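In what follows, a structure is listed as structure tokens, so that the remarks can point back to it.
No value in this document is a laboratory result; all are computed from the given coordinates. Treat the numbers as computed from the prediction; the structure is a model and nothing was measured. Because the Cβ atoms are built from the backbone with ideal geometry, glycine has one as well, and the counts that use them run over all protein chains shown.
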């Protein structure tokens, strides 16, 4: 898609829990393009099975919170050294602002990680402000993607014995879920010059979920 628009792209498959591998990809991108201006820390997982709650908790925290920290650590030096400012956006969630009562370890971990991103964002926003680098979190409600549209989610909803699941999926506006573009449009604004003085902000794109 990038090349179809006349651009260039360097893409690699990796694991954000693996900081050295992540740094290698970042370094390869710098060698190819010479600069970094925008960082989107978007990788995330969620699980709902309770067979091994401790592993479930660890995996989700490692990807959704530590993975974002790894991404920032790998890219911030290039942003600072570039001397042009820049923008970092971390994908949090409505659960990063409003918790949902649940006995499920996966959702507990997901909520804790997404709330932790707010604190991480604020720390980096303050640290990097003197370099004109802006740091924000975005907080989507459910988005039509593999994370929300799969057999496990459909089974939980159809079983009807997980009221916390329905609470997590109900918006104020009459829409079940967002399209990915709804979120990326908001991110495009956050990283643009139109938001050049926006930093340290928790931006909900949530169809009114948080006020419900």
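What nm value, rounded to one decimal, do you get for the distance between residue 13 and residue 150 when each label is placed 7 Å out toward the C-beta?
1.6 nm
If each DSSP helix of 4+ residues adds -39,500 (n - 2.57) and the sum is divided by the residues in the chain, what number results at 222 nm, nearest 500 deg cm²/dmol?
Calculated at 222 nm, the ellipticity per residue is -13500 deg cm²/dmol.
Determine the distance separating the Cα centre of the stretch 176-212 from the Cα centre of the stretch 73-109; give it in Å without decimals.
What the calculation gives is 13 Å, centre to centre.
Report the antiparallel proportion of the DSSP beta bridges in the stretch 36-205 as a percent, rounded to a multiple of 5.
Of those bridges, close to 0 percent are antiparallel.
What is the helix-to-structure angle for 67-82, meaning the angle in degrees between its Cα long axis and the longest Cα principal axis of the chain, kept from 0 to 90 and rounded to the nearest 10?
20 degrees
7 Å from Cα along Cα→Cβ at both residue 170 and residue 198: what's the point-to-point distance in nm?
Reported label-point gap for residue 170 and residue 198 is 3.0 nm.
Relative to the longest principal axis of the C-alpha atoms of the chain, give the angle of the C-alpha long axis of helix 180-190, reported between 0 and 90° and rounded to the nearest 10°.
The angle comes out at about 40 degrees.
Quick one: angle between helix 19-33 and the longest Cα principal axis of the chain, in degrees between 0 and 90, rounded to 10, please.
It works out to around 50 degrees.
Show me, bin by bin at 5 Å from 0, the whole-percent P(r) of the stretch 36-205 based on Cα pairs.
Whole-percent P(r) values from 0 Å outward: 1, 9, 17, 20, 19, 14, 9, 6, 3, 1, 0.
So for 135, 123, 63, 118, fewest C-beta neighbours within 10 Å to most, what's the order?
In order of increasing Cβ crowding within 10 Å: 123, 118, 63, 135.
Based on alpha-carbon positions alone, could you give the equivalent ellipsoid semi-axes of the stretch 23-105 from the gyration tensor, as √(5λ), descending, whole Å?
Value: 32, 15, 8 Å, ordered largest first.
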